[in-house]
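In what follows, a single structure is set out as structure tokens and then discussed.
The values are calculated or read from the model by the stated rules, or taken from the named source; none is laboratory data. Since the structure is predicted, the reported quantities are computational estimates derived from the model, not experimental observations. FYI the Cβ positions are ideal-geometry reconstructions off the backbone, even for glycines, and counts take in every protein chain you see.
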Amino acid sequence: MWVYATNNQDEPVMAILGQKEHAILSDAQEQDSPETLSVGTMITQEFKLLYRCIYQSSVAFANTPKAALVDVRDLRATEDTAFAQVSPNDHGSLSGLNDPDHPASAINTLGVEKDGGLSAADVGVGEALTTLNRLLGQLRLKEHGTNKKRVIVTGADRVLNSGTTIIQEIKNLVLSFDGAQIDFSTGQIFASDGITSLGIDFVPETIAAGEYFNYSITLIPAEVNLNNTISAQLIILPAAASNAVSTDAPKAPFASGTKLGQITVRESGGGIEDISESDISQLGTGGGGGSGTGDANELLERLKNRLQAYGSFQYMTPVIFSSIEEDLTDISSTAEFSVVNANYEFEFVGNEFVSVQMLDDEFLSEELPVNQVELVHYWDSENLDTGATYEVSRNGGAEYQTVTMDRIGQSDTYRGIHTFADEAANSFSQTVGGAVASVTDFTDINELPRIFTLTGATSVKKITAEITKTLAATGFVYAVAVKDDGGGSPSTDPLDNLGQSQYVSIAGLSAGSNSVDFEMEFTQPAGDYHVIFKTDGSYKTDYTNSAAANKIAISDDGSDIVYTLVGLELDLRVRITSGTAEVVSEGFGIFYKDDNLVTAVDGNILRHLERFVGDVDNLNEFSPSYTVDPFLTTIYEWGTGQAYRYGEAWVINGAGNVEFPPNTFNKPENITLEFLQISGGSVDNSDNNRLLMAANHFGSLNPALDLSVPDRGFHLRSADGTLYEIVVKDGGVGFDIYEVN
């Protein structure tokens, strides 16, 4: 028996039974050699002889094989030439090196760098190849093993030997996709099991006999799951035509999403030929191309540039369809989103695109109304609508107002600024309290507050309450709105004062019940607030606590007062209606929060900046946020240093705006105008200043500035700290002075 060392990793030592017999031991030792062995096709070139064992057999032996070992020779140090020319000192000299007979498990990965895709778990070449296959195996298109009319799409996740899971993302969320099977003969799309229908089938194209046809495969985002992953669905799009030559067949366009690849099919007998690996064109290595484009980035940069450099607004919401697709689209839209081109197609005249809420969360927390917006819209340059209607709504679409848009030169861009007019109807109405059950008197000392809650950013326009007048009550009643102090009570911090209504003359009320509107405007985000109803000193002086007293009362629900808030919930929306058929919108940007750039340099100087592009905007009318005194304001152009004075270069027009002659600034450069009003009695029209002037009933011959109320005066504080109201008597013959409570 001959004992050999082999290259078999599992059973490295092999014994081969000798093929000769001898009657005498010395004959066996001298005449038998490994060269006499015949082993057929065994890979003997890499065998190494170790030992020769000689056995004697006899029926007299008691063991089962009837044999005994009688001679062992150690041959490890000898040069063995039995099996061809073995040269163990040089592996490259062996024959059969190209034979595929080395299993991957026989080779280890010692010395291989493993700081990338491979890990310490990839000990052998087999494990390493498995890891590499999984690294490249996400979202792959593969030939089906049995149904050759189908193509397999592998899943998004792959677990490596190290335990690491390789994942994919789409729309900035982790993709949840287990794979699919696509049947190009029926148009059905199945889950990875090949049985469960995903319900997103397509209609296979009719292909000319014997011709080749291409389909694209794209993965698009679907629903966000409870664990904040996102599922996806497959979109199969056809090419424009077939061709008799495979390489000449037009490629199919991709939808906007994660692009996987293309499949080429060939018509055969009314169906299609089997699909093989050669018919599959894989895009990249999985993960695909995303949804953004260079055009999208360019449009977004144009909007950002306007916001930062040229516009007069602090916030902008971009809606570039190739980036956000349908995310900001209201379901009432009748224009169609194109998954192929990632834009909105208006097939017919009157098709509409309607947005959802455009206001940023940060803006909604700033306690500001939406009074003016700027809309910039981009059409596809080859499918442009010159007759479209552009509208905006600040109350969630309850009422739209038309924006006058101008085309910028001969470009694809339209732009317009819109100042909101008061809505015909208020979209927000909230009654605070239950059904009216009784009334609560205003006494000579009390103030009547009640808390209310806003569920979203809201602009309150007025507060309505039922005021009951008894006999000949006099004086004034008014309302104040304040923030909550954090503990459920009205704040006493003057900075938390939201607004005060006009003083309502009690003498002007009818005896009995009156529905009274307390005009007061303020804008607040969601939260708790309070309305406090108050009376003035003259009412309190006249009040007596008796059944026949001159007094007023406010309706209550049996436990607290009742009133109604009226206004609008801030919800900015855009609606675009096509005036031409077959037009295409690429997107738009909506700007808001007018950045008036008013700076009080010191107590006597007001400063306002206007920035715009001369030959693009060509502005000549401006509305500074402070009240312009024409004799105290000078306007400077930064680029030239020129100073413009009232009468010579500009006037105050009928709308109260500063107006220059047309084309004064029509030149190809950026224009910055600085309005400076130095000293004088003018003040800016900020909310706090206006509230102070309203509380003091300041009058003016200009109706736009007049805040006076008949039989009301201004407030002054005496040396002892008491606040008094000083009222001019009829005919200007003297003053009445009342303590303010």
| request: Search region 152-189 for residues being assigned to a strand (DSSP E or B) and of a type in the set (Gly, Ala, Ser), and hand back the single one that is nearest to Asp122 (Cα to Cα). | output: Ser176
| From the set of residues in region 195-215 that are of a type in the set (Ser, Thr, Tyr) and outside any loop (DSSP other than H, G, I, E, B), which is farthest from Val245 (Cα to Cα)? | Ser197
| task | Give region 233-267 a look and list any residue that's over 30 Å from Asp327 (Cβ atoms) and either of a type in the set (A, V, I, L, M) or not in a helix (DSSP H, G or I) (or both), or say none. | result | Ala241, Ser242, Asn243, Ala244, Val245, Ala249, Pro250, Thr264, Val265, Arg266, Glu267
| task | For region 621-736, please list each of the strands (runs of 3 or more DSSP E) lying entirely inside it that holds at least 1 residues being modelled with pLDDT of 80 or more, outside the structural domain of Glu366 (by TED's automatic domain parsing) and among the β-branched types (Val, Ile, Thr). | result | 633-637, 670-678, 723-728
| request: Report whether or not Ser332 is among the hydroxyl-bearing types (Ser, Thr, Tyr) and modelled with pLDDT under 90. | output: no
| said: Could you check region 617-635 and list, in sequence order, the residues that are surrounded by fewer than 17 Cβ atoms within 10 Å (Cβ to Cβ) and under 29 Å from Gly409 (Cβ atoms)? | reply: Asn618, Asn620, Glu621, Ser623
| task | Scan region 380-418 for residues that are at pLDDT 95 or above, surrounded by 16 or more Cβ atoms within 10 Å (Cβ to Cβ) and among the β-branched types (Val, Ile, Thr) and jot them down. | result | Thr389, Val392, Val403
| said: Can you report the number of residues in region 157-177 which are exposed (fewer than 15 other Cβ atoms within 10 Å of the Cβ) and under 18 Å from Ser192 (Cβ atoms)? | reply: 3
| remark: The lone condition Val531 fails out of (1) surrounded by 21 or more Cβ atoms within 10 Å (Cβ to Cβ); (2) under 30 Å from Asn341 (Cβ atoms) is (2)
| Residues of region 464-481 being out of contact with any Leu (no Cβ under 6 Å at 6 or more places or on another chain) and part of a strand (DSSP E or B), which ones? | Thr464, Ala465, Glu466, Ile467, Thr468, Thr470, Phe476, Val477, Tyr478, Ala479, Val480
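A quick yes/no check of all residues on (1) within 24 Å of the chain's Cα centre (by Cα); (2) more than 13 Å from Asp571 (Cβ to Cβ); (3) of a type outside the set (S, T, N, Q):
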position: Phe348; (1), (2), (3): no, yes, yes
position: Asn351; (1), (2), (3): no, yes, no
position: Met358; (1), (2), (3): yes, no, yes
position: Leu364; (1), (2), (3): yes, no, yes
position: Val370; (1), (2), (3): yes, no, yes
position: Leu375; (1), (2), (3): yes, yes, yes
position: Asp380; (1), (2), (3): yes, yes, yes
| message | Just the residues that are under 20 Å from Ala68 (Cβ atoms) and either surrounded by 13 or more Cβ atoms within 10 Å (Cβ to Cβ) or within 60 Å of the chain's Cα centre (by Cα) (or both), please, taken from region 1-52. | response | Met1, Trp2, Val3, Ile16, Gly18, His22, Ala28, Gln29, Asp32, Tyr51, Arg52
| Pairs where the first residue, in region 206-225, is in contact (Cβ under 8 Å) with a residue 60 or more places away in the chain and surrounded by 13 or more Cβ atoms within 10 Å (Cβ to Cβ) and the second is polar (S, T, N, Q) and part of a loop (DSSP other than H, G, I, E, B), C-beta under 8 Å, 6+ apart | Ile207/Ser242; Thr218/Ser256; Ile220/Ser256
| task | Quickly run through region 178-188 and pick out the residues that are within 24 Å of Ile207 (Cα to Cα) and surrounded by 17 or more Cβ atoms within 10 Å (Cβ to Cβ). | result | Gln181, Ile182, Asp183, Phe184, Gln188
| query | Would you call Ile552 free of Cβ contacts under 8 Å to residues at least 60 places away in the same chain, within 23 Å of Glu725 (Cβ to Cβ), touching a Gly at 6+ places or on another chain (Cβ under 9 Å) and not assigned by TED's automatic domain parsing to the domain that holds Asp361? | reply | no
| request: Could you tell me whether any residue of region 448-456 is under 30 Å from Leu375 (Cα atoms), assigned to a loop (DSSP other than H, G, I, E, B) and of a type outside the set (Gly, Ala, Ser)? | output: yes
| remark: Those residues of region 119-149 that are under 27 Å from Asp274 (Cβ atoms), among the charged types (D, E, K, R) and more than 35 Å from the chain's Cα centre (by Cα) come to a total of 3
| request: Look through region 343-370, keep the residues that are modelled with pLDDT under 95 and out of contact with any strand residue (DSSP E or B) (no Cβ under 9 Å at 6 or more places or on another chain), and return whichever of them is surrounded by the fewest Cβ atoms within 10 Å (Cβ to Cβ). | output: Asp361
| query | Out of (1) crowded, with 20+ Cβ neighbours inside 10 Å; (2) within 24 Å of Pro525 (Cα to Cα); (3) at pLDDT 95 or above; (4) hydrophobic (A, V, I, L, M, F, W, C), what's the single condition that is false for Val373? | reply | (3)
| Name the pairs whose Cβ atoms lie under 8 Å apart, with the first residue in region 727-738 and among the aromatic types (Phe, Trp, Tyr), the second part of a helix (DSSP H, G or I), and 6 or more positions between them or separate chains? | Tyr738/Gly537; Tyr738/Ser538; Tyr738/Thr541
